[in-house]
Amino acid sequence: MKNISFLALALLTSINVFAADSATKGEVAAAAKKLGEQANYTWKSTVVVPESSQFKPGPTDGKTEQDGFTYVTMRFGDNLTEAVMKGEKAAITDQDGNWKLASELENAEGPTRFLGRMIRNLKAPAVQVTELLEAVKELKKEGDAYSGELTEEGVKKQLRFGQPQNPKGSLKFWLKDGSLSKYEVKVEAKMEFNGNEFDASRTTTTEISNVGTTKVNVPADAKKKLS
């Protein structure tokens with residue numbers, strides 16, 4: 001009888017945990033959906049990397065409109081890169097500031113090829129968060145934030161390149177008035193390049209603003225490329 005009671009209690013506890021996790025995931029998913037249904041919004045992503053990192057990306061600023069254009073600027077040191085997306089198409093400025101389709105850069109050399117790949121994988125926050133929720137093990141509400149750990153595969157997708165060693169990661173989401181307002185993606189991993197090991201860890205924080213009041217101004221040359 002005691003064994004039966006213990007099994008029943010364990011089963012009930014696991015059901016309650018699963019239900020709570022589903023509920024919190026559902027709340028964040030609904031918040032991302034609500035954001036995606038807005039006419040437009042702005043976001044800013046900042047990245048913190050280890051002091052030893054040779055590659056220190058600057059902020060990414062984005063503006064998007066529903067069923068329209070998404071315009072993004074990215075800083076790498078003193079260099080500014082612009083990108084525009086609409087539907088399945090994406091255009092990006094090369095090292096000389098000329099607009100190129102991302103598909104045109106697939107066979108390019110050096111950093112230009114990297115930028116082409118990156119922009120094809122770039123998602124607006126409402127879409128990215130929906131994908132991130134599929135890669136979180138369990139989501140809990142702690143204070144005003146929802147947090148959870150990423151699966152190993154989820155961390156690898158964030159790193160995209162190379163073979164990460166001991167990948168770990170976590171997520172945090174903040175909501176405001178039932179809509180997504182901020183989220184954080186933290187990944188930790190060691191990687192090798194030319195026989196040298198380096199720390200590929202980073203923390204990316206994205207904040208959403210100007211919901212419903214954002215104006216997306218797309219450069220004329222970018223529009224021509226995407227037409």
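Each value in this text was obtained by applying a stated rule to the coordinates, not by laboratory testing. Since we're looking at a predicted model, the values are computed, not measured. Glycine also receives a Cβ, built like all others from the backbone with ideal geometry; neighbour counts cover every protein chain displayed.
The table for this structure:
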read-out	value
Percentage, to the nearest whole number, of Cα pairs in the chain over 22 Å apart	59
Relative contact order (percent, whole number), the range 68-167, Cα cutoff 8 Å, 6+ residue spacing	13
Per residue convex hull volume, Cα atoms of the range 22-111, in Å³	153
Part-to-part distance (alpha-carbon centres) for the range 156-222 and the range 41-56, which is given in Å	8
Fully extended contour minus Cα-Cα distance, from T151 to K190, at 0.36 nm per residue	12.4 nm
Cα lying deepest toward the dipole's positive end in the chain, options F198, V28, G97, charges on Cβ	V28
Relative contact order computed over the range 27-226 (Cα-Cα under 8 Å; 6+ residues apart), in percent	26
Cα centre as origin, Lys/Arg/Asp/Glu Cβ charges: the range 27-226 dipole, Debye	360
Amide hydrogen neighbours beyond the local backbone of N40, cut-off 5 Å, H modeled	Q66, G212
Most positive-pole-ward Cα, L180, L132, P59, against dipole of the chain from beta carbon charges	L180
